[in-house]
Amino acid sequence: MNGFKTIGLMITLTVMLVAIGGLLGGRTGMTFALIIAFGLNFFSYWFSDRIVLRMYKAKQVSEAEKPELYSIVRRLAQRAGLPMPKVYIINEDQPNAFATGRNPEHGAVAVTSGIISILTLEELEGVIAHELTHIKHRDILVGSIAATIAGAISYVAQMAQWAMIFGGGDDDDGNPIVAIVMMIVAPIAALLVQMAISRSREYGADKGGASISGNPLYLANALKKLHVASQQIPMRANPATSHMFIVNPLKSGIVARLFSTHPPIEERIQRLESMAYRR
């Protein structure tokens, strides 16, 4: 998905938020919802990276503490034409990783202690290259804003439902049936838009990571291990931030997989292997 389509999806989320605000409070509600959208975007731009790192108690490490990891990140960042990001370790047994930062100058790569113990150095290179691609494409900022606005749509829709239940709405403002349908459909639509943004960016990061690392099989082999381990080893992950990880940190059934922000792992691996065999 190119940048213009992503911008279009982001605008769609904002319009849905404003529309729900209008159902809740007419023009005043629309104005209030628009202010919320701008405020959320501003907040996400400046603070989302710090919040998620603190949420998972990530500890910044130096080259002296993790020389091999630090060396991999530095070498791949130079290859990608990026400033050296900060490196963090999360004390979790589940092997996983994510990147954060509003732009390349404020980038950070966080890996769990479990991923260092389960992957080979080449596989770890594939994972780090994937995360650096997210930083290079500013995917973290886009994903954070999309998740924040989608969450706000769900929250405002719930407020509108309670307002109608307790008689807060005005029957003269519009068709109540249409309002009810929109309050139910809007959060689902927001989730689907968020999924579209996140899934396309994961595919893009896989492709970019394969290019930076120099071998698509590094990441393909890593994903095979990470997928199996993530389903066997639990992690205390917040569902609101699960889209940031390279593989879904939460156990998922059939229904959950349909609404996952991550593309099917089998499809990701197949694409990477196809890239390797076409070389």
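All of the numbers you see were taken from the coordinates with simple rules; none came from a lab. Remember, it's a predicted structure, so these values are computed and weren't measured experimentally. Note that each Cβ is placed from the backbone with ideal geometry, even for glycine, and that neighbours are counted across all protein chains shown.
Just a few scattered comments:
- If R0 is 22 Å, the Cβ-Cβ spacing of Glu105 and Ala240 corresponds to a FRET efficiency of close to 0.30.
- P(r) for the stretch 15-139, from all Cα pairs and a bin width of 5 Å, is 2, 11, 18, 18, 14, 9, 7, 7, 6, 4, 2, 0 %, short bins first.
- Alpha-carbon Rg with Dmax, taken over the stretch 53-110, Å: 11.3, 31
- Among the listed pairs Lys57/Lys251; Lys57/Lys86; Lys136/Lys225; Lys59/Lys207; Lys66/Lys136; Lys224/Lys251, those beyond 19 Å (Cα-Cα): Lys57/Lys251; Lys136/Lys225; Lys59/Lys207; Lys66/Lys136
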